[in-house]
Amino acid sequence: MKQRRNQVTTVRKGTLFLLLFLCIMSSGQGAAAAPADEARLYQTPFAQNGTALSGVMGSKQMYFQILDYWDLTEVKLSLDYQMSPLAKDLNSSITLSVNGSPFHSFRPAAANAQKQNLAVTVPKELLTQGLNTLKVEGYIRTEDNLVCPSDQTPDQWLQLYKTSGIDVRYTQKAMQAAIQDFNQRFTGLDTVSAGRSLIAVPDKSEPAELEAAVYALSGFAKSNSVNDKDIPILPYRADNLKDREAVVLIALHDRLPAEVKGLLSKQDFNTKALIQLVNKETQPTLVITSQNPELLAKAGRLVANQPLMGQLSSDIKVVDDSTDVTTPVVPVSTRINFTEKGDELKGPGHQEQTYFVTLPANRSIADAGQISLDFRYAQNLDFNRSLVTVSINNTPIGSKKLTKELANGDTAHFAIPADLAVNGNFSVTVGFDLELEDAACTRNGDEMPWAFITKDTLIDFKTKDRNDLLFNNYPHPFLRDGVFNQVAVVIPQERDNYTYRTVSNLFNLLGKYTSGNTGDVKFYKESAGADELKERNIIAVGTYLDNKLIRDNNKNLYFKYDSAGSTFLSNEKMSIDSEYGKWIGTLQLLPSPFQSGNGFLAVTGTQAENYYLVSKLIATENSIWKVYGDGVVTDKDGNVNAHRFKKEAAAEESSLLEDIVKRGDVVGFLTALVLVAGLALVSLVLLVRKHRKKRGGEGEA
């Protein structure tokens, strides 16, 4: 799936629920553990916490996927719902549609407000490969004998429980002998949610192998749409390979298992890297190998270029010095039109259009940003009650009343407040309240009010780096403008599965934020010194005892170890019992001990399991919200304590001159004013001189 930065996409009212799609896909779902040729079940819940229809007419949408390699058997919708006990059974109805086509209607029974269930099959002919939209529309009446229903009241509701959802039964199509087919299945919803994907490296892996592995992982993580599941990196062993249906094996050629070497095509592995699909009938494995560490890393970068992987229609790809694997550089645009052709909103009441803007995670909007809205609207509105409101990330930034005089061409300009702190990706919502005069009941087609947002509507802003070493700004400093920012990963010499899973946790989330494959990651042994680490942003993984870098910098940690490294000590933010300190893991984001301006992230605990548990907090988008400040502690019970240790710098008050310089319109006005004043002054001087000459001439006479 192609990812393009700095493009704006649009959704109409109701499709705001698309934002929930990734979260929905990742909760309570998974394929049954069965061979590929057996029937499977994939479940997509309607909503994580349930949802509700409210008002006389209400609707909700959900999204589910049909993957290309699924051979559908049946798709069934299961609705668990509860109806308002005041609803009139014979006057209320629910209609179900998929991809815009209705396929079932029914009258929900109030049934004394008891929970009810409806199971209905979705016609396969209405479904498409990829994303499908299911819509539940409700007409809920609580009054009789009315020509027109009354306005929305609290008693008009239908609750949809979180146990509602879509069940997709399918079998998998036979895998093609193509890297692109393997690539799609490796990050498929069913594969990832069931934990059947694996990136494998040799036991006691070399730094070059881990470097290539995290490059490859960053590409796979970007394509992974299951928000609460990661793709692990683990040693290539029988216990780790069990039940895996898609394996990527990354290794220097001389460290490959003999049985895998025998399946590969003959190459000069000193001058070439090979990407080859093997064992597709048993346990499909994509082997990435070379004897040249630089070419192995280059092959890993190719995997990170997912659009390129989607083009590989054979089972072999050879990479050499001349192979171009680099992702295109996408410039950061800060003057963006929201729509190419314009967007129409139609219907009485509140109507919304939402636009999504993407920014690199390390950037935020600076002062003096502005949204310029160009629009028109119907002339039959009640202009005493109709207005337009613009919001950023659901926070209003300004409104304007609609007027009949400007209905055929109106504009509005809204400054982006400096205190809004817009970071990374954000949404802009344009909401119209289109009220009609004396309209007790408005039907479709009866002088339907409308508004139109033209293609000249845009956002104009400048960006600034988020430089504070805080988890609020994570993944800064490890990513910059969508690529890895000179990252050094320092890990113990002896590593178990917890250590590997910690590394994969870190790079699953970092990979999701990447937009290019040109950044740099290097792995180092725990004895690495200042000469190797000076220019880099450091991630140190391990315990006090097995990672010298953590041990040497214990005095700088916010959560320090005792002298034996057996427990954590109390500090000004948190009292820690000596026994409790043995069972916690910490994330600590500090300045680099080797160079000012760089960062140092310590992922540490007294045991590998402890630092693995805390690394899960920065592994997925579902958990990162729990992390803020610069020092975080978690325990085996899931208790999270986040603190800020760095002192907050006092906000610098901008001078009047600085504020004026930031406003281009004010600068233009002042420039014109100065020019006019200058011309007036010159004219005055010339008049004075002329008057003096005239008086002088009269005196001589």
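Taken over region 206-231, the criterion of being open to solvent by 10 Å² or more (accessible area, probe 1.4 Å), in contact with a strand residue (DSSP E or B) (Cβ under 7 Å, 6 or more places away or on another chain) and in a loop (DSSP other than H, G, I, E, B) is satisfied by Glu206 alone.
So that you can scan it fast, the table gives a plain yes or no per residue for (1) touching a Leu at 6+ places or on another chain (Cβ under 6 Å); (2) not charged (D, E, K, R):
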position: Thr282; (1), (2): no, yes
position: Pro293; (1), (2): no, yes
position: Val325; (1), (2): yes, yes
position: Glu352; (1), (2): no, no
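When region 407-423 is filtered for residues that are open to solvent by less than 20 Å² (accessible area, probe 1.4 Å) and charged (D, E, K, R), only Asp410 remains.
Scanning region 162-182 for residues that are closer than 15 Å to Met309 by Cα, open to solvent by less than 30 Å² (accessible area, probe 1.4 Å) and in contact with a Ser or Thr (Cβ under 8 Å, 6 or more places away or on another chain) gives Ala178, Ile179. Considering the conditions (1) without any contact (Cβ under 8 Å) to a residue 60 or more places away in the chain; (2) buried (at least 24 other Cβ atoms within 10 Å of the Cβ), Asn508 is excluded by exactly one of them, (1). Here is a check on your reading of the model: is Gln159 under 29 Å from Phe46 (Cβ atoms) and either open to solvent by less than 50 Å² (accessible area, probe 1.4 Å) or modelled with pLDDT of 95 or more (or both)? So Gln159 fails the test. Annotation: of all residues in region 452-468 being crowded, with 17+ Cβ neighbours inside 10 Å and touching an Asp or Glu at 6+ places or on another chain (Cβ under 6 Å), the one that is nearest to Ser592 (Cα to Cα) is Thr457.
Name the strands (runs of 3 or more DSSP E) wholly inside region 287-360 in which the number of residues that are in contact (Cβ under 8 Å) with a residue 60 or more places away in the chain and open to solvent by less than 20 Å² (accessible area, probe 1.4 Å) is 1 or more.
Details: elements: 316-319, 335-337, 343-346, 349-357.
Qualifying strands (runs of 3 or more DSSP E): 335-337, 343-346, 349-357.
Scan region 414-431 for residues that are part of a loop (DSSP other than H, G, I, E, B) and either in contact (Cβ under 8 Å) with a residue 24 or more places away in the chain or within 12 Å of the chain's Cα centre (by Cα) (or both) and jot them down. Please lay out each step first, then the result.
Restricting attention to region 414-431, the residues satisfying the condition of being part of a loop (DSSP other than H, G, I, E, B) are 416-417, 421-422, 424-425.
Within region 414-431, Ile416, Ala421, Val422, Gly424, Asn425 meet the criteria.
Listed conditions (1) farther than 24 Å from Ile491 by Cβ; (2) at pLDDT 70 or above are all met by Gly668, apart from (2).
Here are Asp410, Asp433: which of them is of a type in the set (Asp, Glu), modelled with pLDDT of 95 or more and out of contact with any helix residue (DSSP H, G or I) (no Cβ under 8 Å at 6 or more places or on another chain)?
Working: Asp433 fails: modelled with pLDDT of 95 or more.
Testing whether each residue is of a type in the set (Asp, Glu), modelled with pLDDT of 95 or more and out of contact with any helix residue (DSSP H, G or I) (no Cβ under 8 Å at 6 or more places or on another chain) leaves just Asp410.
Among the residues of region 502-547, those identified as outside any helix (DSSP H, G or I), modelled with pLDDT under 95, within 25 Å of Gly565 (Cβ to Cβ) and not hydroxyl-bearing (Ser, Thr, Tyr) are Lys525, Glu526, Ala528, Gly529.
For region 268-280, which positions are touching a residue at least 12 places away in the same chain (Cβ under 8 Å) and open to solvent by 60 Å² or more (accessible area, probe 1.4 Å)? Across region 268-280, the qualifying residues are Asn270, Thr271, Lys272, Asn279, Lys280. Among the conditions (1) surrounded by fewer than 21 Cβ atoms within 10 Å (Cβ to Cβ); (2) closer than 17 Å to Leu510 by Cβ, the only one that Leu587 does not satisfy is (1). Within region 361-406, the set of residues being in contact (Cβ under 8 Å) with a residue 24 or more places away in the chain, farther than 27 Å from Lys464 by Cα and open to solvent by less than 40 Å² (accessible area, probe 1.4 Å) comprises Phe375, Tyr377, Ala378, Leu381, Asp382, Ser386, Val388, Leu402.
Asn112 fulfils the conditions (1) in a helix (DSSP H, G or I); (2) polar (S, T, N, Q); (3) at pLDDT 85 or above except for a single criterion, (3). When Gly58 is tested against (1) part of a loop (DSSP other than H, G, I, E, B); (2) at pLDDT below 70; (3) not hydrophobic (A, V, I, L, M, F, W, C), only condition (1) is not met.
Provide a single number: the residues in region 232-254 that are open to solvent by 70 Å² or more (accessible area, probe 1.4 Å) and either of a type in the set (S, T, N, Q) or without any contact (Cβ under 8 Å) to a residue 60 or more places away in the chain (or both).
So the first thing to find is which residues in region 232-254 are open to solvent by 70 Å² or more (accessible area, probe 1.4 Å), and the list is 237-239, 242-243, 254.
Checking which are either of a type in the set (S, T, N, Q) or without any contact (Cβ under 8 Å) to a residue 60 or more places away in the chain (or both) leaves us with 237-239, 242, 254.
Qualifying residue count for the region: 5.
Here is the figure for region 603-622: residues that are under 16 Å from Phe507 (Cα atoms), open to solvent by 50 Å² or more (accessible area, probe 1.4 Å) and at pLDDT 95 or above total 1.
How many residues are among the aromatic types (Phe, Trp, Tyr) and either under 21 Å from Val487 (Cβ atoms) or buried (at least 18 other Cβ atoms within 10 Å of the Cβ) (or both) if we restrict to region 561-582? Reasoning before the result, please.
Looking only at region 561-582, we keep the residues that are among the aromatic types (Phe, Trp, Tyr), and these are 561, 568, 580.
Still in the list and also either under 21 Å from Val487 (Cβ atoms) or buried (at least 18 other Cβ atoms within 10 Å of the Cβ) (or both): 561, 568.
Selection size over region 561-582: 2.
The values are calculated or read from the model by the stated rules, or taken from the named source; none is laboratory data. Computed from a predicted model, the values in this text were never measured in an experiment. Positions of Cβ are backbone-derived with ideal geometry, glycine not excepted, and every protein chain shown enters the neighbour counts. Surface accessibility is based on the protein's heavy atoms, side chains included, excluding ligands, DNA and RNA. Shrake-Rupley method; radii C 1.70, N 1.55, O 1.52, S 1.80 Å.
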